[in-house]
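Undergrad: Here it is, the structure, as structure tokens.
Rule-based calculations on the coordinates, nothing more; no lab input. All values reported here derive from a predicted model rather than from experimental measurement. Neighbour counts are summed over all protein chains in view; Cβ atoms, including those assigned to glycine, are modelled from backbone coordinates with ideal geometry.
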Amino acid sequence: MSADMLASLKLVRSDIGAERPRLMRAMLLACGSVVLDMVPIWAVYRLTQMLADGSATAAGVWPLALLVAVTIPVAHLLFGLATRTSHIVAFNLIHDLRLRVARQIARLPMGFFNDMRSGKAKQTVITEPERLELLVAHAMPEGTSALFTWFIVTGWLFYVDWRMALAAVLFAPVSFILMGLAMKVSMRETEAYQSASNMLSGAVVEHLSGMAAVKIFNPRGVIGSETAAAIDHVASMQSEMGRKFVPLGGTFYALILANITLILAAGAWLLQAGQITLDVFLFFVILGGNYSAPLMRLFNLFHHFAHISIMATALQEILAAPPQPDTGAVLELENHDIAFERVSFAYQDKAVLKGVSFVAREGQVTALVGLSGAGKSTIANLIPRLYDVTDGCIRIGGYDSRDMGLDQLMEAVGFVFQDPFLFTASVAENIRYGNPHATDAEVEAAARAAQAHAFIAALPEGYATTIGRGSQLLSGGEKQRIALARTVLKDAPIIVLDEATAFTDPDSEYEIQQALGALMKGKTVVIVAHRLHTIAGADQILFVDAGQIVESGTHDALLAKDGAYAALWRDHTAARGLGLREAADAS
Ligand code: ADP
């Protein structure tokens, strides 16, 4: 990734159109406040002129004092209004950008996020757009007013005396060059720093999400070598940045403040030669000192541009990434049979499925069984196109699923994930995610069907209880049942259950099976099975081994075959028997 100085402006180019008048107003207000800021300086200049020609009287000073008293608060008011306006523009732009990024992320293939460490993804998508605030809300009005002040002051200095003006501005070109150099260094260093900091966020997120394991295996909290290395690296990068930046920044500040020595020297010389009057000399001492302030403000702003440009480039990469191909078509399906035809699939370059073919018929239950890591979940994930096949094709109702619009496909498939994701929202909202138009009664009916109503009713606020990330209220099995209720409510013709009952206790498992029986009637059901006894009645069992289907048939047919499935079933029943005996011994 190479950062582009103008990336941040390109990023919001399409959103900025509607905001342009407001942005212009902010800039004009900022310029207006700059002009008013000059009035007190002009008043002092007038005063020195009056002193020099002996015309200073109380009557002459009062109007000046009054003018200054009025302009100072008005200048601040104008600048405040400018900042307020630019903040509104910034928040609108950030809002639009966030929406655009969210929409784009929903359209990207899952594979895009696989190689993005979670820390980086979070930083880029959530935290980074905030930086736009710095650019639009602060840098634009402050930068405009700083540049405008600099132009006005320079013009004024030359208007009063060009020789003194030359002395005042002599160092300016050098400081501009230094500003450019500092910006370049900043860009380069910040880019490296940012990627180190992303690594660190990724490592910390991992550390936090694995907190239970950390507590049990590592009670003293010894930080893993990768996290420790990331922390060290970020620290050394920070000092490296300082080491490279300080000489440039130091020289800039020294030069920019040194112009007063030139003003004093040139002024003394011209004064002695009788070329200028005392009031002109004083004017340059006062205004020449102010001359450096806007340049310093610009320098500080430029420093931030590096950060902003880098985030803008990262966001642009996401926005420019090719979305998952979507025909948008709505096809007339004859049925909802799913047919895998010689499907192969690889995560990046790791081949997982090799030539998988099977048909899951409408109205039937197809179960995928096999050892862990065989590729069962991967087969399930390919059905709603969470990933696209590497080779072969998946047909739904006779059509290649890639020819079907993603909206139609998503509507056709209900999916219960192995580790169900609940949003931070009420229970009702979480269930309603399956069908935003469902009434409260329908939500409750779905919860009853998923055997979730009883525990939901016992929650502190029933269906209005907030659950989600960090919520300690629900057990794994309860979360699973809320996810099931969501799928019941969606009432899609194809249902994929990825070990959906893995967390449920034996008591409610029976009830869930009953509920599922009703839910699954007439649908195409694909179950990734963990507990073999739950799928013994399936119409078709597919045994997956190392990314291939090695056996298929009904439970009885596979037992009669006495192959891999029969062996797995024997292990399973032996283990269950053992479990039951232990339970009996304990009671
Ligand atoms: P199963 O469901 O049978 O346990 P999976 O389909 O989850 O198996 O995994 C099959 C293989 O694919 C495993 O080797 C697993 O490590 C790998 N795998 C699963 N998900 C990913 C992923 N997102 N990126 C890379 N490899 C993955």
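Undergrad: Kirkwood-based Rg over Rh for region 36-184 (C-alpha set), two decimals? Provide the component values of the computation, followed by the final result.
TA: Values: Rg = 24.4 Å, Rh = 20.2 Å.
Taking Rg over the Kirkwood Rh, I get 1.21.
Undergrad: While we're here: Taking Cα atoms, how many degrees apart are the long axis of helix 225-272 and the longest axis of the chain, rounded to 10 and kept between 0 and 90?
TA: Relative to the chain, helix 225-272 is tipped by roughly 10 degrees.
Undergrad: Helix 278-320 versus the longest principal axis of the chain: what angle, 0 to 90°, nearest 10, using Cα atoms?
TA: 10 degrees
Undergrad: Related question: Need one number: nm distance between label points at His95 and Ala575, each 7 Å from Cα along Cα→Cβ, rounded to one decimal.
TA: With each label point 7 Å from Cα toward Cβ, the separation is 5.3 nm.
Undergrad: Rounded to the nearest 500, what is the 222 nm mean residue ellipticity of the chain from helices alone, with -39500 (n - 2.57) per DSSP H run of 4+ residues and division by all residues?
TA: Numbers: 21 runs with 361 residues, N = 587.
Here the helix-only value at 222 nm equals -20500 deg cm²/dmol.
Undergrad: Follow-up. Expected output is a single nm value to one decimal: the length gained when fully extending between Ala18 and Arg188, i.e. 0.36 nm times separation in residues minus the C-alpha distance. What is it? Numbers along the way, then the final one.
TA: Working: separation 170, 0.36 × 170 = 61.20 nm, distance 3.35 nm.
Result for the pair: 57.9 nm of gain on full extension.
Undergrad: Put +1 on the Cβ of every Lys and Arg and -1 on every Asp and Glu Cβ in the chain; which of Ser475, Pro384, Phe284 then has its Cα farthest towards the positive end of the dipole?
TA: The Cα lying farthest towards the positive end belongs to Phe284.
Undergrad: Where does each of 307-314, 561-568 land if you order them by average Cβ count within 10 Å, highest first? Don't skip to the answer; put the middle values down first.
TA: On the way: 307-314: 23.6, 561-568: 15.2.
Going by the mean number of other Cβ atoms within 10 Å, highest first, we get 307-314, 561-568.
Undergrad: Taking loop as defined by DSSP and a crowding limit of 16 other beta carbons within 10 Å, which GluC sites (Glu not before Pro) in region 402-475 fit?
TA: Details: sites: Glu411, Glu429, Glu442, Glu444, Glu461; in loops: Glu461.
Counting only loop positions with at most 16 other Cβ atoms within 10 Å, the GluC sites (Glu not before Pro) in region 402-475 are Glu461.
Undergrad: Let me ask you something else. Would you please state which residues of region 412-431 a label at Thr466 would reach in this model, taking the label point 7 Å out along Cα→Cβ and a backbone N cut-off of under 18 Å?
TA: Zone members listed by number: 422-431.
Undergrad: Quick query: amide H of Gln540 versus all other amide H atoms, modeled in the peptide plane; which residues come in under 5 Å with a sequence gap of 5 or more or a different chain?
TA: Val365, Ala367
Undergrad: Suppose R0 equals 60 Å. What FRET efficiency, 1/(1 + (r/R0)^6) with r the Cβ-Cβ distance, do Ala566 and Ser195 give to the nearest 0.05?
TA: Working: r = 52 Å, r/R0 = 0.87.
Efficiency, from the Cβ-Cβ distance: 0.70.
Undergrad: Between Ile41 and Thr154, what is the spin-label point distance in nm, taking each point 7 Å from the Cα along the Cα→C-beta axis?
TA: Taking the two extended label points, one gets 1.4 nm.
Undergrad: Given R₀ = 45 Å, what would the calculated FRET efficiency be for Gln275 paired with Gln348, taking r from the Cβ atoms and rounding to 0.05?
TA: Numbers: r = 76 Å, r/R0 = 1.68.
E(calc), rounded to 0.05, equals 0.05.
Undergrad: Another question about this same structure. Would you please put 243-249, 168-174 in order of how densely packed they are, using the mean number of other Cβ atoms within 10 angstrom per residue and starting with the highest?
TA: 168-174, 243-249
Undergrad: Could you tell me what a quarter of the Cα convex hull surface of region 36-108 works out to, in nm² with one decimal place?
TA: On the way: hull surface 24.7 nm².
Seen from a random direction, the Cα hull of region 36-108 projects 6.2 nm² on average.
Undergrad: From the residues Ala575, Ala438, Val246, which one has its Cα farthest along the dipole of the chain in the positive direction, the dipole being from +1 and -1 charges on Cβ of Lys/Arg and Asp/Glu about the Cα centre?
TA: It is Val246.
Undergrad: Okay, next question. Using alpha carbons only, how many degrees (0 to 90, rounded to 10) separate the axis of helix 506-520 from the longest principal axis of the chain?
TA: Helix 506-520 sits roughly 90 degrees off the main axis of the chain.
Undergrad: Ok, one more. Taking region 268-344 on its own, what percent of its Cα-Cα pair distances exceed 21 Å? Can you show the working numbers first?
TA: Values: 2053 of 2926 pairs.
Tail of P(r) above 21 Å: 70 percent of Cα pairs.
Undergrad: Can you give me the Rg/Rh ratio for the chain, using Cα atoms for both radii and the Kirkwood formula for Rh?
TA: Details: Rg = 35.0 Å, Rh = 30.0 Å.
My calculation puts Rg/Rh at 1.17.
Undergrad: Taking the Cβ of Val550 as the center, what net charge do the other residues with Cβ under 12 Å away carry, scoring Lys and Arg +1 and Asp and Glu -1? Intermediate values should be presented prior to the final figure.
TA: Details: positive: Lys354, Lys561; negative: Asp545, Glu551.
Its environment carries a net charge of 0.
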